[in-house]
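Computed from the coordinates by the stated procedures, all read-outs in this text should not be read as laboratory data. What you see is a predicted model; the values in this text were computed from it and never measured. Because the Cβ atoms are built from the backbone with ideal geometry, glycine has one as well, and the counts that use them run over all protein chains shown.
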Amino acid sequence: MIELKPVGLTDANIIFEAWGQYPENFDYLTARVFSDVGDAQRYLVNLFPTPESKAFHIIDSESGVIGIVKAAILEHRAQIGYVVHKPFWGRGIATAAVAGMIEVVEAVPAISRVWATCALDNPASSRVLEKCGFQREAILRNWVTYPAQGGRVFDNYSYVKVPVRAA
């Protein structure tokens with residue numbers, strides 16, 4: 001159905017053309033809509049807050065790049081995030097991409113916590129995380145601002161998945 005391909009720091013054009021220039025993809029992102037390739041380049045740099053962090057293009061066999069899935073890895077924690085271009089919503093693509101990323105981060109022995117957040121009014125994202133084995137652990141009050149929604153402060157759900165390790 002989909003393929004995950006590593007994101008490179010030279011992929012700004014790909015991201016901008018595939019999904020980054022479309023405002024409808026940014027409702028629940030902390031990034032601003034990309035007005036040009038330079039915005040996509042700045043976004044790319046922030047995808048990798050540590051050398052261990054990972055990001056993959058979500059590739060549809062017919063349409064090419066249709067989104068991104070990332071894991072910001074810091075010490076024993078991996079925070080998952082993703083975006084899928086709106087024309088591809090509702091097809092299980094985000095679920096498949098997140099499941100693929102979980103396989104990657106859970107293969108790192110040092111990772112003992114995989115987590116993600118999503119807006120309270122984004123039930124589709126909640127379903128993606130729950131299908132991938134995450135459990136809702138809290139409501140984070142005044143957690144995030146979404147520039148596409150006027151920069152107001154929003155509460156988010158916090159989801160966690162603790163890798164099961166063989167004894």
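General remarks:
- Restricting the stretch 6-60 to residues that are touching a residue at least 60 places away in the same chain (Cβ under 8 Å) and charged (D, E, K, R) leaves a set whose member that is farthest from residue 110 (Cα to Cα) is 24.
- Taking the criterion of being over 30 Å from residue 107 (Cα atoms), in contact (Cβ under 8 Å) with a residue 40 or more places away in the chain and crowded, with 16+ Cβ neighbours inside 10 Å, the residues of the stretch 146-162 that qualify are 146, 148.
Residues checked against (1) assigned to a strand (DSSP E or B); (2) touching a Gly at 6+ places or on another chain (Cβ under 6 Å); (3) under 27 Å from residue 8 (Cα atoms); (4) not hydroxyl-bearing (Ser, Thr, Tyr):
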| residue | (1), (2), (3), (4) |
| --- | --- |
| 58 | yes, yes, yes, yes |
| 72 | yes, no, yes, yes |
| 83 | yes, yes, yes, yes |
| 102 | no, no, yes, yes |
| 139 | yes, no, no, yes |
| 156 | yes, no, no, yes |
| 159 | yes, no, no, no |
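- Residue in the stretch 47-68 that is over 19 Å from residue 103 (Cβ atoms), buried (at least 18 other Cβ atoms within 10 Å of the Cβ), out of contact with any strand residue (DSSP E or B) (no Cβ under 6 Å at 6 or more places or on another chain) and of a type in the set (Phe, Trp, Tyr) present: no
- In this structure, residue 39 does satisfy being crowded, with 17+ Cβ neighbours inside 10 Å, more than 20 Å from residue 100 (Cα to Cα), acidic (Asp, Glu) and over 17 Å from the mean Cα position of the chain (by Cα).
- Scope the stretch 16-28; condition surrounded by 17 or more Cβ atoms within 10 Å (Cβ to Cβ) and in a loop (DSSP other than H, G, I, E, B); matching residues: 26, 28
- Matching entry among 88, 34 (being of a type in the set (Phe, Trp, Tyr) and in contact with a helix residue (DSSP H, G or I) (Cβ under 7 Å, 6 or more places away or on another chain)): 34
- The residues listed here are 68, 59, 73; of these, the one that is over 13 Å from the mean Cα position of the chain (by Cα) and hydrophobic (A, V, I, L, M, F, W, C) is 59.
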